[in-house]
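Below is one structure; the comments refer to it alone.
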Amino acid sequence: MNTPQDPRLAEKIRSDQAHSARVWNYLLGGRDNYSADREVGDMILHAFPGIARIARIQRYFLARAVRFLAAEAGIRQFLDIGTGLPTVDNTHEVAQRVAPECRVVYVDNDPLVLVHAQALLTSSKEGACAYLDADVRDPEAILAGAAGTLDFTKPVALTLMGTLGQLPDSDDPWSIVARLLESLPSGSYLAVTDGSDTNAALNEAIRVYNTNSASSYHLRSHDAIARFFDGLDVVEPGVVTTTMWRPDVADPEEDAAEVEAICGVGRKR
């Protein structure tokens with residue numbers, strides 16, 4: 001991948017350091033990454049080969065959750081925080097296949113994601129897409145920016161896919177999620193998936209990643225991830241291993257085998 005010509009943007013991107021969105025892109029088989037990202041990705045794969053499957057499973061969950069939210073729950077607005085680099089079946093593509101009038105706001109603070117944001121703004125004519133350059137740690141800025149596209153008097157689906165693990169406990173991600181949900185009306189939804197700390201080999205792989213990356217990731221227990229849904233009505237089958245949330249049996253990888261990731265969807269009362 002070529003580094004952008006703008007020296008200010010190149011400095012922000014820091015192609016010599018591994019970054020989470022680009023490492024995840026590499027694990028998903030994408031091309032939007034640099035040698036530093038591939039080196040760290042290979043370290044993780046060596047320590048825990050199953051990490052690539054977790055990446056795919058979490059991506060599948062995004063598509064299933066958005067389909068559920070648009071088709072069954074009737075949601076027409078999505079706030080996707082921690083967007084990552086564009087790939088197939090982005091949130092607006094899945095939602096607008098169900099209902100072309102869906103409106104989506106993507107939020108990320110990775111400068112390379114910003115470079116590729118135009119790929120996320122190919123909305124249907126009936127709907128809308130917007131991109132915010134903002135940090136999940138600043139919910140006020142996110143809510144203020146999203147209000148230009150979303151109507152907060154109507155239900156919104158808040159999606160955080162692999163995002164909350166980017167925050168250490170010291171940042172209190174539970175209070176950040178609570179603040180975001182506080183501004184959404186009754187009938188809104190939260191969808192989350194993140195890595196779990198149930199496998200010693202994965203724990204070691206993430207330690208290697210954290211040692212060699214500009215960012216860090218924090219695996220959590222099932223109970224810690226379930227806390228994000230406190231006060232919500234959790235959709236069946238509950239907060240579960242990500243392969244077990246309404247799997248698509250037509251996909252050979254979507255079986256009920258355990259995977260080191262936890263997910264859930266909850267509705268605000």
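The values are calculated or read from the model by the stated rules, or taken from the named source; none is laboratory data. Values in this document were obtained by computation on a predicted structure and should not be read as measured data. Here Cβ is always computed from backbone atoms with ideal geometry, including for glycine, and neighbour counts include all displayed protein chains.
Scanning region 66-113 for residues that are under 16 Å from Val156 (Cα atoms), within 16 Å of the chain's Cα centre (by Cα) and among the charged types (D, E, K, R) gives Arg67, Asp80. The sole residue among Thr193, Thr163 that is in contact with a Cys (Cβ under 7 Å, 6 or more places away or on another chain) and within 21 Å of Cys102 (Cβ to Cβ) is Thr193. The listed residues are Asp135, Asp194, and the only one of them that is under 25 Å from Arg56 (Cα atoms), in a loop (DSSP other than H, G, I, E, B) and of a type in the set (D, E, K, R) turns out to be Asp135. Of the residues making up region 226-242, those that are part of a helix (DSSP H, G or I) and touching a residue at least 40 places away in the same chain (Cβ under 8 Å) are Arg227, Phe228, Thr242. The one condition from (1) touching a helix residue (DSSP H, G or I) at 6+ places or on another chain (Cβ under 7 Å); (2) surrounded by fewer than 16 Cβ atoms within 10 Å (Cβ to Cβ); (3) under 26 Å from Val23 (Cβ atoms) that Ala214 does not meet is (1). Filtered by the rule that a residue be crowded, with 22+ Cβ neighbours inside 10 Å and assigned to a helix (DSSP H, G or I), region 28-50 gives Asp37, Val40, Gly41, Ile44. For the condition part of a helix (DSSP H, G or I), modelled with pLDDT of 95 or more and not basic (Lys, Arg), Leu180 qualifies. Residues in region 67-89 that are of a type outside the set (A, V, I, L, M, F, W, C) and buried (at least 24 other Cβ atoms within 10 Å of the Cβ): how many? The number of residues fulfilling the criteria is 4.
You will find that of Asp194, Asp151, Asp171, Asp138, the residue that is crowded, with 20+ Cβ neighbours inside 10 Å, at pLDDT 95 or above and acidic (Asp, Glu) is Asp194 and no other. Pairing each residue of region 158-173 that is over 15 Å from Val265 (Cα atoms) with any residue that is charged (D, E, K, R) and surrounded by 14 or more Cβ atoms within 10 Å (Cβ to Cβ), provided the two are 6+ apart or on different chains, yields C-beta distances under 6 Å for Gly165/Asp194. In region 1-25, of all residues being touching a Phe, Trp or Tyr at 6+ places or on another chain (Cβ under 9 Å) and modelled with pLDDT of 80 or more, the one that is nearest to Thr241 (Cα to Cα) corresponds to Val23. Entry remark, region 100-132: residues being assigned to a strand (DSSP E or B) and under 20 Å from Leu164 (Cα atoms) number 7 in total. Pairs linking a residue in region 76-90 that is on the phi > 0 side of the Ramachandran plot to a residue that is among the small types (Gly, Ala, Ser) and assigned to a loop (DSSP other than H, G, I, E, B), with Cβ atoms under 8 Å and 6 or more positions apart or on different chains, are Gly82/Gly162; Gly84/Gly162. Restricted to region 154-165, and to residues there that are outside any strand (DSSP E or B) and surrounded by 20 or more Cβ atoms within 10 Å (Cβ to Cβ), the residue that is modelled with the lowest pLDDT is Gly162.
Is one or more of the residues making up region 256-265 farther than 23 Å from Tyr60 by Cβ and either assigned to a loop (DSSP other than H, G, I, E, B) or not aromatic (Phe, Trp, Tyr) (or both)?
No, the conditions are met nowhere in region 256-265.
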